[in-house]
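The values are calculated or read from the model by the stated rules, or taken from the named source; none is laboratory data. Please read all numbers here as calculations on a predicted model, not as lab measurements. Don't worry about glycine lacking a Cβ; one is built from the backbone with ideal geometry, like all the others, and counts go over all protein chains shown. Ligands, DNA and RNA are stripped out before the accessible areas are found, and what is left, the full protein with its side chains, is counted by its heavy atoms. Shrake-Rupley method; radii C 1.70, N 1.55, O 1.52, S 1.80 Å.
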Amino acid sequence: IYDKGGGECSAEQLAGWLDYSSTRNGTYLTRFYAAKHFGLINASRGVINVTDRARAILAPVMPEDSVNAKAEAFLNIPLFAKVYEQFKGKSLPPEVGLKNLFHGTYKVPSHRATQALRMFRNSATQAGFFSINSDRLISPAGTTHSERKSIVVSKDEAQPQSGKQVRVGGG
């Protein structure tokens, strides 16, 4: 969208650029909604726009802009923000423990827990949260609490809401 459309396009253009046969393709929809959930695109009235966050990643003005924007995108996913608040700086539980946490505490359906864990780990890695240690969530170098005001999650938001399912994946 940024390179080919100057920051905006239609859904049909995007599907074509990504080599999908239609805007109803499941993989296309998954990618579209993931970008939307991470806060990288907006869609309104048939037009998809790149957000300021995506611009900061793709064309940073200052070196820290990209680092901060990636961290913001990661923490824009409610499940990821909650896990970060619970474990920031601490060792994460082993895989089975994280799956149990996702399902039992954050109400991710059990059949989606493996996918949610994979997405969590991949996203944390891309955002730089595992750059110091692969089993501890640590803010990426270049981000500070004063620079990250928009990604700090309040204690109320970090607490799981009983019975409420955290959405994972496209849709």
Exercise for the section: At most 14 other Cβ atoms within 10 Å and a DSSP loop assignment: could you name the GluC sites (Glu not before Pro) in segment 1-109 that fit? Expected result: none
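Tell me the relative contact order for segment 1-97 as a rounded percent, counting alpha carbon contacts under 8 Å between residues six or more apart.
On the way: 84 pairs, mean separation 19.8, N = 97.
Relative contact order here is 20 percent.
As a test of reading the structure, rank Thr27, Thr143 by solvent-accessible area (1.4 Å probe, protein chains only), most first.
Greatest to least solvent exposure: Thr27, Thr143.
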Completion exercise
Expressed per residue, the solvent accessible area of segment 1-144 in Å² (1.4 Å probe) is about 54 Å²
Fill in the blank from the handout: So for R0 = 45 Å, FRET eff. of Ser110-Ala141 from the Cβ-Cβ r, to 0.05, ends up at 0.80
Practice task
Post the alpha-carbon centroid distance, segment 1-55 to segment 71-134, in whole angstrom.
Solution key: 25 Å
Practice task
Check each of the trypsin sites (Lys or Arg not before Pro) in segment 1-72 and keep only those in coil by DSSP with at most 11 other C-beta atoms within 10 angstrom; list them in order.
Solution key: Arg24, Arg45
Exercise for the section: Calculate, in nm to one decimal, what Arg31 and Phe87 gain on full extension: separation in residues at 0.36 nm each, minus their alpha carbon distance. Expected result: 17.4 nm
Completion exercise
A chain fully extended from Arg45 to Thr23 at 0.36 nm per residue, minus the present Cα-Cα distance, gains in nm 6.4 nm
Problem - Overall dimensions of segment 1-138 by Cα: Rg and Dmax, Å - result: 16.5, 44
